[in-house]
1. Just to be sure, is residue 420 more than 23 Å from residue 240 (Cβ to Cβ), surrounded by 22 or more Cβ atoms within 10 Å (Cβ to Cβ), out of contact with any strand residue (DSSP E or B) (no Cβ under 8 Å at 6 or more places or on another chain) and among the polar types (S, T, N, Q)?
2. Kindly indicate which of 237, 258, 229 is out of contact with any helix residue (DSSP H, G or I) (no Cβ under 8 Å at 6 or more places or on another chain) and without any contact (Cβ under 8 Å) to a residue 12 or more places away in the chain.
3. Restricting the search to segment 260-283, which residues are surrounded by fewer than 24 Cβ atoms within 10 Å (Cβ to Cβ) and more than 17 Å from the chain's Cα centre (by Cα)?
4. Check segment 268-280 and report whether any residue there is within 30 Å of residue 228 (Cβ to Cβ), part of a strand (DSSP E or B) and among the hydroxyl-bearing types (Ser, Thr, Tyr).
5. Just checking, how many residues over segment 140-151 are within 22 Å of the chain's Cα centre (by Cα) and either outside any helix (DSSP H, G or I) or surrounded by fewer than 19 Cβ atoms within 10 Å (Cβ to Cβ) (or both)?
6. All but one of (1) among the aromatic types (Phe, Trp, Tyr); (2) farther than 28 Å from residue 354 by Cα; (3) surrounded by 14 or more Cβ atoms within 10 Å (Cβ to Cβ) hold for residue 118; which doesn't?
7. Kindly establish whether residue 393 is at pLDDT 95 or above and in a helix (DSSP H, G or I).
8. Identify the single condition in (1) at pLDDT 65 or above; (2) farther than 30 Å from residue 346 by Cβ that residue 5 does not satisfy, given that it satisfies every other one.
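The values are calculated or read from the model by the stated rules, or taken from the named source; none is laboratory data. Treat the numbers as computed from the prediction; the structure is a model and nothing was measured. Here Cβ is always computed from backbone atoms with ideal geometry, including for glycine, and neighbour counts include all displayed protein chains.
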Amino acid sequence: MKVLFFSCVNKLFEVSLISAYDMARKMAYKNQKNENSLNAFKQAVKFMPGGVNSPVRAFEGTDLDPLFIQRASGSKIWDIDGNEYIDYVGSWGPMIVGHAHPGVVNAIKNAAEKGTSFGAPTLAESALAKKIIDSFGSIDKLRLVNSGTEAVMTAIRLARAYTKRDVILKMSGCYHGHNDSLLVAAGSGIAESGTASSDGVPEALTKMTCVIPYNDIEAAKKVFKKHPEDIAAVLVEPVAANMGVIPPLENYLETLRELCTSHQTLLIFDEVITGFRIAAGGAQELFNIHADITCLGKIIGGGLPLAAFGGRADIMDMLAPLGPVYQAGTLSGNPIATAAANATLEILLKEKNYEILEQRTSALEIGLKKASKQASLPLRIYRIGSLMSCFFTDTPVRNFEDVKSTDIKKFKQFFSSMLSHGIYLAPSAFEAMFVSLAHTEKDIETTIEAAGKSFKEIET
């Protein structure tokens, strides 16, 4: 009898979960037909783990199935069912001049007609390197690679070789790619070695990574006091943008710079997201702080696989073929990617474009704040330049611990409702919104109007 009772309870619970899931899906898709995306996902899971080639694309943070995108232009994307959305993902940041910009597309076409890869030096590589170095005062030389993960991985190797030390200090919640040394979560105490946050990461590697909270300068001081001569590098997103957007507290970056200098430790800024996004010279220009090594990606690839790391000449010259630190890549700096990159930066760096980005994103921020207030909904918006995120909370958000205490349930409802109103946001409460030069005043107005409706639909 007891077995039968629990079987019935489990069945009811299962039905309620399915019902809730279907209701959420219907809410998101109530204004659209998404049969093609749903069927495509059913097929994709047969061929790829989770049906995707990068985890967040699976929409798991939203309780919905992902949309399959067919095309994009300017600020808009269209799924395979023909539904149109105003896009604030922008391929996770690279599309700052808009999707399928004619200047970028033509550059790619012209390059492809001459050959897709040579495995040899090209003039386009040098042209791109010069553009980046001209924008970043801390970079004397750089090397092009294919992804942000690769850039950070090699920057760490370079720092360890230069300092003859092994320990890396990173901040919890800051994502720096999926290499083993950095897939580490905070341990049991401040200034202690972290623990692996993914299976397959050897414990020996986690022991060489210390993890402390972002924006906690006292924690950083304790680590240096405990390991005064062991830390090769401090690795940080100067503006945290992988746990939502969280700006640095006053004097945080300056003090990190001072600690690194006094302990002969290298300061690595991961500006894969912030580089060319919040200013032409990234966070380093905005806060007037120079890193020893800078990692770049996203925007500098113009939507194609391309990243870079660079720094002082004495550090960079340790790379092969000049020095003992090995790094190589078959497709690094390939002609199509560098063509897209050069074209993107030429468009972006034209006069007043950063002013336009600031104006549009500021208008969006102001409109969202007003709409949430009208709906009596607790909301914190953090923005730097055209980078922004919304946290459903009425308390300050300073680090990953604060992020985890925000109302994820409300985010899910907000995402679902905005999707139904034709606004495509990142399908995770821990990701940023990206505004591009292609977003028009009308796009911003439409988004604010949709948010006003969505805020009122959220259960409080």
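1. no
2. Going through 237, 258, 229 in turn, just one is out of contact with any helix residue (DSSP H, G or I) (no Cβ under 8 Å at 6 or more places or on another chain) and without any contact (Cβ under 8 Å) to a residue 12 or more places away in the chain: 258.
3. Scanning segment 260-283 gives 260, 261, 262, 263, 264, 280, 281.
4. Let us first name the residues in segment 268-280 that are within 30 Å of residue 228 (Cβ to Cβ), namely 268-272, 274.
Among the residues that remain, those that are also part of a strand (DSSP E or B) are: 268-271.
Then drop every residue that is not among the hydroxyl-bearing types (Ser, Thr, Tyr), which leaves none.
Scanning segment 268-280, I find no residue that is within 30 Å of residue 228 (Cβ to Cβ), part of a strand (DSSP E or B) and among the hydroxyl-bearing types (Ser, Thr, Tyr), so the answer is no.
5. Applying the first criterion (within 22 Å of the chain's Cα centre (by Cα)) to segment 140-151 yields 142-151.
From what is left, the residues that are either outside any helix (DSSP H, G or I) or surrounded by fewer than 19 Cβ atoms within 10 Å (Cβ to Cβ) (or both) are 142-147.
Number satisfying all stated conditions: 6.
6. Going through the list (1) among the aromatic types (Phe, Trp, Tyr); (2) farther than 28 Å from residue 354 by Cα; (3) surrounded by 14 or more Cβ atoms within 10 Å (Cβ to Cβ), residue 118 breaks only (3).
7. No; evaluated as a whole, the condition is false for this residue.
8. Here residue 5 clears every test but (1).
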